[in-house]
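The values are calculated or read from the model by the stated rules, or taken from the named source; none is laboratory data. Since we're looking at a predicted model, the values are computed, not measured. Because the Cβ atoms are built from the backbone with ideal geometry, glycine has one as well, and the counts that use them run over all protein chains shown. All accessible areas refer to the heavy atoms of the entire protein, side chains included, with ligands and DNA or RNA removed. Shrake-Rupley method; radii C 1.70, N 1.55, O 1.52, S 1.80 Å.
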Amino acid sequence: MTEATAFVPGHVTGFFTAEPAEDPIEAGSRGGGLALGDGVTVTVRPADERTVRLNGEAIEIDAVERVLSALDATVAVRAETDLPLGSGFGVSGATALGAALATNAALERGLSENELVALAHGAEVRAGTGLGDVVGQARGGVPLRLEPGGPEYNYIDAVPARGRVEYLARGELDTEDVITGDTEELTAAGERALSRVVREPTMDGFMRASRRFAREADLLTPEVRSVVEDVIEAGGDASMAMLGETVFALGTGLTDAGYDAAVTEIHPGGATLE
């Protein structure tokens, strides 16, 4: 038994559906998002008691606790990230997936990658903190989740793209409130958005579908709407990260509109051990 470290890219969702099921591995969402070069680095080592720390602070992350319990692991988990919390970057899912990968390696549990992704996905669904981030983070790039659920059930395509991404986080939104509420209109809007991008698998098509989804699903907040409009007026391309008070833009969209934005890029690969 030894220490192990995993890196999991951040993930912003552009559009999604909500697909409940009795088995959390089958539940999840269809939709599309971007994996980001800014992510979460998770280090795990055997310990006398189970602890989880994020950026040096003790924290309780339900999805991580569920992963560690499933792996029967008494370990110290240390996660580091520059991403803001609760703002639509999939930090909870990334930490859960990183913990699964690193714990499996540190304790030599012998699970396959798909088994670990399914474990983390099911843990996050049960925790109510996400429906598709883990699957997208395992894939990398610009994944399109064509079926809900973990790896056994999900079929993933992707928009072939690389490039710079900027983001501006203004605040938090409660993911659980949205995904456990009335999701009929949201899911219908997500289905339309996914169909549009499948027909036109380009970043231009992705961003248009994402903006339309945010309006149709009634998720667009006034401040996010204002920032997105500023970016478009400046000749850029931007949308809202689901689910957060966050705008993401391609290229230099936010900078050109006069905002002091964080800069990252589309991360071509998925979660991996370091």
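Along the range 89-106 the Karplus relation, 6.51 cos²θ - 1.76 cosθ + 1.60 evaluated at θ = phi - 60°, assigns HN-Hα couplings of 10, x, 5, 4, x, 5, 5, 5, 5, x, 5, 5, 5, 6, 5, 4, 6, 5 Hz to successive residues, with x for each Gly and Pro.
Note on the chain: GNM, Cα springs under 10 Å; of 91, 135, 198, the largest mean-square fluctuation is that of 198.
Note on the chain: GNM, Cα springs under 10 Å; of 128, 244, 110, the largest mean-square fluctuation is that of 110. Projecting the Cα atoms of 52, 135, 70 onto the dipole axis of the range 29-175, where Lys and Arg carry +1 and Asp and Glu carry -1 at the beta carbon, places 135 farthest toward the positive end. Note on the range 43-96: Rg/Rh from Cα positions, Kirkwood definition for Rh, rounded to two decimals, is 0.96.
Given the C-alpha centroids of the range 210-254 and the range 25-97, what is the distance between them in whole angstrom? So the separation of the two Cα centres works out to 27 Å. Once divided by 2.2 N^0.38 Å, the Cα radius of gyration of the range 165-274 becomes 1.10.
To the nearest 10 square angstrom, how much accessible area does residue 153 have with a 1.4 angstrom probe? Counting only protein heavy atoms, the figure is 90 Å². What the phi angles of the range 78-85 give under the Karplus curve with 6.51, -1.76 and 1.60, with θ = phi - 60°, is a coupling list of 10, 10, 10, 7, 9, 6, x, 8 Hz, glycine and proline written as x.
Which shape class, rounded, prolate or oblate, goes with the range 195-256 when its Cα gyration tensor gives a ≥ b ≥ c as root eigenvalues, a/c under 1.5 marks rounded, and past that a/b bigger than b/c marks prolate? Don't jump to the answer; show the numbers that get you there.
Numbers: a/c = 2.08, a/b = 1.15, b/c = 1.81.
Oblate is the answer for the range 195-256, as a/c is 1.5 or above yet b/c matches or exceeds a/b.
Which whole-number percent gives the relative contact order of the chain, counting Cα pairs below 8 Å spaced six or more residues apart?
Numbers: 725 pairs, mean separation 73.2, N = 274.
Averaging sequence separation for qualifying contacts and normalising by length gives 27 percent for the chain.
Using equal-weight Cα scatterers in the Debye expression, the normalised intensity of the range 12-88 in log10 at q = 0.20, 0.23 Å⁻¹ is -1.06, -1.13. From the Kirkwood radius over Cα pairs of the range 223-274, Stokes-Einstein at 37 °C and 0.692 mPa s returns a whole-number translational diffusion coefficient of 276 µm²/s. Scaling the Cα radius of gyration of the chain by the globular reference 2.2 N^0.38 Å produces a ratio of 0.94. Mind running the shape call on the range 1-153? Use the C-alpha gyration tensor, a ≥ b ≥ c as the square roots of the eigenvalues: rounded below 1.5 for a/c, prolate if a/b tops b/c, oblate otherwise. Taking the square roots of the gyration eigenvalues as a ≥ b ≥ c, the range 1-153 is prolate. For residue 171, the amide hydrogen comes within under 5 Å of the amide hydrogens of 245, counting only partners 5 or more places away or on other chains and with H modelled in the peptide plane.
Here the Gaussian network model covers the chain, with springs between Cα atoms less than 10 Å apart; of 169, 249, 261, 261 fluctuates the most. Just so you know, the Cα atoms of the range 74-221 work out to an Rg and Dmax of 16.2, 47 Å. Per residue, the chain reaches -11000 deg cm²/dmol at 222 nm when only DSSP H runs of four or more residues are counted, each adding -39500 (n - 2.57). The accessible area of residue 115, taken with all protein chains in place and a 1.4 Å probe, comes to roughly 100 Å².
When the GluC sites (Glu not before Pro) in the range 11-50 are filtered for DSSP coil states and for at most 14 other beta-carbon atoms within 10 Å of their beta-carbon, the remaining sites are 22, 49.
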